[in-house]
Structures are given as structure tokens and as C-alpha cells.
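The values are calculated or read from the model by the stated rules, or taken from the named source; none is laboratory data. Since the structure is predicted, the reported quantities are computational estimates derived from the model, not experimental observations. Cβ placement follows ideal geometry from the backbone for every residue including glycine, while neighbour counts extend to all protein chains displayed. Surface accessibility is based on the protein's heavy atoms, side chains included, excluding ligands, DNA and RNA. Shrake-Rupley method; radii C 1.70, N 1.55, O 1.52, S 1.80 Å.
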Amino acid sequence: MAYDFADRLKNLPPYLFAEIEEKVARKIEKGIDIIDFGIGDPDLPTPRPLVEEIQKQLEDPVNHRYPSAQGESDTRLAIAEWYQKRFNVDLDPDREIAILLGSKEGLANVARAFVNPGEKVLCPDPAYPVYSQGAATLCDAISVKFPLYEEDNFFPNFNNDIPQDAKMMYLNYPNNPTGAVASREDLQKAVQWCEDTNTILCYDNAYSEMTFDDYIAPSALEFGRRSIEFGSLSKTFNMTGYRIGYAVGDPILIAGLKKVKSQIDSGTPKFIQKAVDVALGSYDGRSRPKIVQDSVDVYRRRRDLIVRGLRELGFDIKLPKGTFYLFFNVGGSSIDFANKMLDAGIVVTPGIGFGNSGEGFVRLALTQSEDRITEALERMEKIL
Ligand SMILES: Cc1ncc(COP(=O)(O)O)c(C=O)c1O
């Protein structure tokens, strides 16, 4: 007799990108040159000082042992010092900070700590799928989607009917997949709404350092201390493969997350945690250090190049102020558009993969060089 998935796994929606991935694999097998704007994984290398620090720490046998599930104390201290410099927020490293195996793990595990089966979790639509699936569905909770509209700069309208009886709400700015950023006023409104309705705000700030022009991303904790905020070294320092992130905020929320984690994982390797001090210690006040600014400059140049090219091809597209994603309206089915691109050897992500409200849009990750972007634009011109 075949084994049967648990209902919560069966309740996960079908993996929409599987079909595209299969087609890509078939094209690669045939030797077709693919330009992949699909995955949000930096193509730039981890800055040398961080790689060298990790190599050095790896040599020390002290760092070969189990780390602490809540994070090493000096790593938590480095996060606290950075929050003070970067956001002017004071954190108690023992009670208000947890180190994560990348922020994804914390975003999902916090729901295990606070959401009972059948309770509501508010999830943006479109969104990073982990909130609705990894958190709500895998906790047997009800994922209640609230739409984000382009005309509202992809920020929720709290005057509309967002249910006020949910346990938790996820918000993410700078935003994946839309590239939208939140103004200080908007974020303050969101924090206040969550406090007024006793909804736990899980604020995903994974892209806080990947912003352009004059925009500086705030922390939700600047506007209240009852939320939990998630951050990551993944995108800021090109470290997606190292698995290091953090959660900060309300001591009860942090304690719940740590309690779940203590039963499931044993933390990010110590030699990787040691790099946090070097990475965040490179900040001098609020502005980005060179090792971060260099990457942001590369993404900004790519953003400008591709937006200019897409506008020339007739797309109505704004310059995003955050993240390395472009999200734009293709005036029809997002899957049809993605398939058409694929025929030209270009991978883009159909917006519907991020929720029904993403339909009509596609997402491009700026993880290809300027030469490859130029090549992709030339290919597009031929087929559009
Ligand atoms: C919005 C958002 N949050 C969190 C993550 C998770 O990042 P990590 O687990 O590498 O910290 C990602 C990764 O793509 C993301 O796009």
C-alpha cells in the first residue's frame, strides 16, 4: 500500500513552477542557451573579508561543535549593535534576538509557536509563498489572503476589510515579488493596526539593505515593540547558501520561536555565525559600507538598463526602489508570457505563482550581468 501524505501537505497548492523548471531542464539538455531571471539568488560572490573570516573560524575546533539553538551570544550582540546603529533601536541580545538558519526558517517556525489549528493568518497576495504555505498551511491554520494592488504601491489598505480576528499578519517591505517599498508613515500605520487588533505582526525585512536612490528602509521596531522582525545576511552579503538570518522583537515572540527551534534544529554553524560580527560591524552608522554598496550599485545599474529596455519594448514599468526584482504588467496571462519568453531561452517567473493577485504580472530577478540583460532584451525584441 502506498504511503499517504498528511492532509496539511496535501493542502499545499501544486508547485506551479515545476512545469517551467522541467521545460528549462529540457532546453538545457538540448544545449540551448538559457538566460535565467527566475531565481532570487545573488550571482555576485560573498565579500572576501567574510569568506576569509569564515575560513579562519573553520580552523578553530571550538567552532566544530554544536552551536546554541538560540544563536551564539557574540552573534546576538553583533545584531543588537547593528540595530542600534542602523535603526536606532535598542535590543536586549538575550531576550529580543534569535539567530536563524536563514530567515525563511524563522518565518515558518514562528507560526508553530503562536498559531493553533483553525486560526487565521493574514498573508499578502502576491507574496513570498512561505507565509501562506510554510507558516499557515503547515500549522493547519487558515491562510487569509489580502490583495496588494499596484495603484496602492502594493501596500495593504487597512481601511478595507482585512479581518481583525487573525492571530498573525505577515508583511514584507522592500517587497518580494513587487519591488515595492513602504513609507515610514505606511509602516507605522501597519504596526498600529496590528497592535490595535492584537494581531502579531511578522515583519519580513530581508531586503532592508537592498534599496536604491534616496530610499532607506525602516525597521518595524522603530514604530512599536510588539512585533517580530526577520532579517537575513542572504541578500545583503550574497550569502544565500550559508543559511544565516535573525529574528528580533517582542521577548515573548522571540521566546516562542526559540522554544520551537530548540526542538527542531541546532542552529547555524558557529564558524558562519562568526561572520556576522564582521559583516554588520562594517556599518558605520546608518549608511551602507562599501561591501554592501558595491552589490547595490551593480543591481542598480542592471535595474536601470533593463527598465530602459523594457520601456522601449512598450512595457509600463516603474523603477523599483527596493529588492532586486522587477514586477511588471504583461497585459495578459502570466504563464503564457513566461512560456513565450522561455521559447526565446529567457526564464521569468509568472506572477500567479505568488498568488492570484499576481496574475497579469511577471517577476524578473536582476541576477544576470549587464551583457546578458542586453542579450535578453535583444531576444525579446525579436519575439514581442
Ligand atoms: C521576502 C523574502 N523573505 C525571506 C527570504 C528568505 O531568505 P533566507 O532564508 O535566505 O534568509 C526570501 C528569499 O528569497 C525572501 O524573498
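Summed over the range 223-244, the residues that are open to solvent by 30 Å² or more (accessible area, probe 1.4 Å), over 15 Å from V181 (Cβ atoms) and touching a residue at least 24 places away in the same chain (Cβ under 8 Å) give a count of 6. The number of residues in the range 208-222 being assigned to a helix (DSSP H, G or I) and either among the basic types (K, R) or open to solvent by 10 Å² or more (accessible area, probe 1.4 Å) (or both) comes to 1. Considering only residues in the range 245-257 that are small (G, A, S) and away from the ligand (no atom under 15 Å from the Cβ), the one that is surrounded by the fewest Cβ atoms within 10 Å (Cβ to Cβ) turns out to be A255. Can you tell me which residues in the range 191-207 are more than 16 Å from the ligand (Cβ to nearest atom) and surrounded by 19 or more Cβ atoms within 10 Å (Cβ to Cβ)? Hits for the range 191-207 are V191, C194, T199, I200.
Only one entry in D60, D4, D33, D41 is among the acidic types (D, E), closer than 27 Å to I216 by Cβ and open to solvent by 50 Å² or more (accessible area, probe 1.4 Å), namely D41.
Only one entry in D277, D265, D336 is surrounded by fewer than 14 Cβ atoms within 10 Å (Cβ to Cβ) and charged (D, E, K, R), namely D336. Among residues of the range 250-273 that are under 19 Å from R226 (Cβ atoms), those with a beta-carbon under 9 Å from a residue that is of a type in the set (S, T, Y) at least six positions away or on a different chain give the pairs D250/S227; L253/S227.
Scanning the range 94-134 for residues that are part of a helix (DSSP H, G or I) and surrounded by fewer than 24 Cβ atoms within 10 Å (Cβ to Cβ) gives K104, E105, A108, R112, A113, F114, V130, Q133, G134.
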